[in-house]
């Protein structure tokens, strides 16, 4: 079994500084085999904000798989937005926009969905889908396959498609053919977990989609700051939501959900 810590939407430049030390302590206590950060390291893609995010990453356990979000693309500096949209991210955070981690039990692939032509929405292109298929297909069924993006391919609450990553339906067909099990994302500052079967009807197949809330931003959108701890193996996934508690001045377990494999589908138990 592997333990993954899933953080998202840090938004340095607009963080609650009082959460940083307790968050680092809680992540360390989880003893993760891998730390995943699904985008929006900064509030406005400024150099100082990226440097603050980099300092935070340096204090987290390794290895790490991190991907950019739409807030990591400059919003108002138009020349930079179109000529070098993720230049600062690549120099300061991670030069590889689609990093990966593979061992004998899990394969985790980061996919960049942030685009300079959209202000908040994301997309996945055909080349990225082909790369996912190419990298996952040879691994066989014994390895749990995980895709990490900032923008979600599905939302368990069944809200409209408008906020999903562009070409989500085409991507889900590719995921079904190469056996993607788990989709980790952020963007909405809300924590949820559930099957993709409700929105994406693909015969005999469904993945588990797990959304992370914001770990450190002051924009909680009605939800406490939180992050996820996932205990995973090939046939089961446990999702633990760790939420901020003012009374304890710490992150504490708020909920735990368990999902099991049923053929090529994931169902809650």
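The values are calculated or read from the model by the stated rules, or taken from the named source; none is laboratory data. The structure displayed is predicted, hence computed values, not measured ones. No Cβ is skipped: glycine too gets one built from the backbone with ideal geometry, and neighbour counts run over all protein chains shown.
Just a few scattered comments:
- Within the span defined as region 82-99, every residue fails to be touching a strand residue (DSSP E or B) at 6+ places or on another chain (Cβ under 7 Å), modelled with pLDDT of 90 or more and farther than 22 Å from residue 53 by Cα.
- Verdict on residue 61 being in a loop (DSSP other than H, G, I, E, B) and either within 14 Å of the chain's Cα centre (by Cα) or surrounded by fewer than 17 Cβ atoms within 10 Å (Cβ to Cβ) (or both): yes
- Checking each residue in region 24-42 for being part of a loop (DSSP other than H, G, I, E, B) and surrounded by 20 or more Cβ atoms within 10 Å (Cβ to Cβ) picks out 32, 39, 40, 41.
- Residue that is in contact with a strand residue (DSSP E or B) (Cβ under 9 Å, 6 or more places away or on another chain) and over 27 Å from residue 145 (Cβ atoms), where the choices are 71, 6: 71
- All positions within region 231-247 that are farther than 18 Å from residue 30 by Cα and surrounded by fewer than 14 Cβ atoms within 10 Å (Cβ to Cβ): 235, 246, 247
- Every residue from region 142-166 that is modelled with pLDDT of 90 or more, in contact with a strand residue (DSSP E or B) (Cβ under 9 Å, 6 or more places away or on another chain) and either surrounded by fewer than 18 Cβ atoms within 10 Å (Cβ to Cβ) or within 28 Å of residue 74 (Cβ to Cβ) (or both): 147, 148, 149, 150, 151, 152, 153
- Filtered residues of region 188-200 (kept if in a loop (DSSP other than H, G, I, E, B) and in contact with a strand residue (DSSP E or B) (Cβ under 8 Å, 6 or more places away or on another chain)): 188, 189, 190, 191, 196, 197
- Residue match in region 128-141 (condition: outside any helix (DSSP H, G or I) and surrounded by 15 or more Cβ atoms within 10 Å (Cβ to Cβ)): no
- Taken over region 173-190, the criterion of being closer than 17 Å to residue 6 by Cβ, crowded, with 22+ Cβ neighbours inside 10 Å and over 11 Å from the mean Cα position of the chain (by Cα) is satisfied by 180, 181, 189.
- Screening residue 128 with (1) under 23 Å from residue 181 (Cβ atoms); (2) touching a strand residue (DSSP E or B) at 6+ places or on another chain (Cβ under 9 Å); (3) at pLDDT 95 or above gives one miss only, at (2).
Quick grid of which residues meet (1) at negative phi; (2) surrounded by fewer than 20 Cβ atoms within 10 Å (Cβ to Cβ); (3) not in a helix (DSSP H, G or I):
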{"position": "5", "(1), (2), (3)": "yes, no, yes"}
{"position": "22", "(1), (2), (3)": "yes, yes, no"}
{"position": "45", "(1), (2), (3)": "no, no, yes"}
{"position": "50", "(1), (2), (3)": "yes, no, no"}
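- Looking across region 84-113 at every residue that is part of a strand (DSSP E or B) and out of contact with any helix residue (DSSP H, G or I) (no Cβ under 8 Å at 6 or more places or on another chain), the one that is surrounded by the fewest Cβ atoms within 10 Å (Cβ to Cβ) is identified as 101.
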